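**Q** One structure, as structure tokens, below. Some questions next.
The values are calculated or read from the model by the stated rules, or taken from the named source; none is laboratory data. These numbers come from a predicted model, not from an experiment. As a convention, Cβ positions derive from the backbone with ideal geometry for all residues, glycine included, and neighbour counts pool all protein chains shown. Surface areas here come from the heavy atoms of the whole protein model, side chains and all, with no ligands, DNA or RNA. Shrake-Rupley method; radii C 1.70, N 1.55, O 1.52, S 1.80 Å.
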Amino acid sequence: MRWWDIDSVLELERELFPEDAWSRGMFWSELAHARGPQANRRYVVAESGSRIVGYAGLVATGEQADVQTIAVSRDLWGTGLGGRLLAELLRAATTFECAEVMLECRVDNVRAQKLYERFGFEPIGVRRGYYQPGNVDALVMRLTAPENSVQGTEING
């Protein structure tokens, strides 16, 4: 993801997460830490033609990485794009030499939970009222040894 992708990413963000969409400033801030010798973030986009149809981001701190966001256009749900984006983030976690990857997922987002479980994430707790303003709980999930979860996966295009 680059700065010129932000407008398209924001459109998809607002469509998919109308109550708790990230702001332009949040994406700018994340991208500011994704380049250079001190980079500790990896943000990617998926495109179909000239249209951004998905994006994902991860931050690494020490031996732990956190999946910050994954989004796929509704018309591409069930196509494997979310898995390819997640695999790219797990490769980045491995590059950052992280021993574990954490994430939060809405408790009502069963589709995403099943994706994460396929990659080996396990639920470890709940954060009450994490997603605001809807006051929706988050399921906290953890994956140890992310390098083992991405063997044989590849993002194309």
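**Q** With all protein chains present and a 1.4 Å probe, how do SER48, SER149, SER73 order by accessible area, largest first?
**A** Largest to smallest exposure gives the sequence SER48, SER149, SER73.
**Q** Okay, moving on. Give the carbon-plus-sulfur fraction of the accessible surface of region 46-140 in %, rounded to a whole number; probe 1.4 Å, heavy atoms of protein chains only.
**A** 46 percent
**Q** Please give the length that would be gained between ALA145 and ALA21 if that part of the chain were fully extended, namely 0.36 nm times their separation in residues minus their C-alpha to C-alpha distance (nm, one decimal).
**A** 41.6 nm
**Q** Now, a different point. Considering only protein heavy atoms, with the full assembly of protein chains and a 1.4 angstrom probe, order VAL59, VAL45 by accessible area, largest first.
**A** Largest to smallest exposure gives the sequence VAL45, VAL59.
**Q** Here is a follow-up. Looking only at the chain, where both bridge partners belong to it, what percent of the DSSP beta bridges are antiparallel (to the nearest 5)?
**A** So the antiparallel bridges in the chain amount to around 90 percent.
**Q** Could you order THR94, THR61 so the one with the most accessible surface comes first? Probe is 1.4 Å.
**A** Largest accessible area first, the residues go THR61, THR94.
**Q** With a 1.4 Å probe and all protein chains kept in place, how much accessible area does PHE121 have, in Å² rounded to the nearest 10?
**A** The value for PHE121 is about 10 Å².
**Q** Please report, to one decimal in angstroms, the Kirkwood hydrodynamic radius of the chain built from all distinct Cα-Cα pairs.
**A** One decimal place: 15.8 Å for the Kirkwood radius.
**Q** Next up: Please give the per residue accessible area of the chain, computed with a probe of 1.4 Å over protein heavy atoms only, in Å².
**A** Value returned for the chain: 55 Å² of accessible area per residue.
**Q** Please list, in order, the residues from region 48-77 whose amide nitrogen is less than 15 Å from a point placed 7 Å along the Cα→Cβ vector of ARG118.
**A** Counting backbone N atoms under 15 Å from the label point, the list is 71-73, 76-77.
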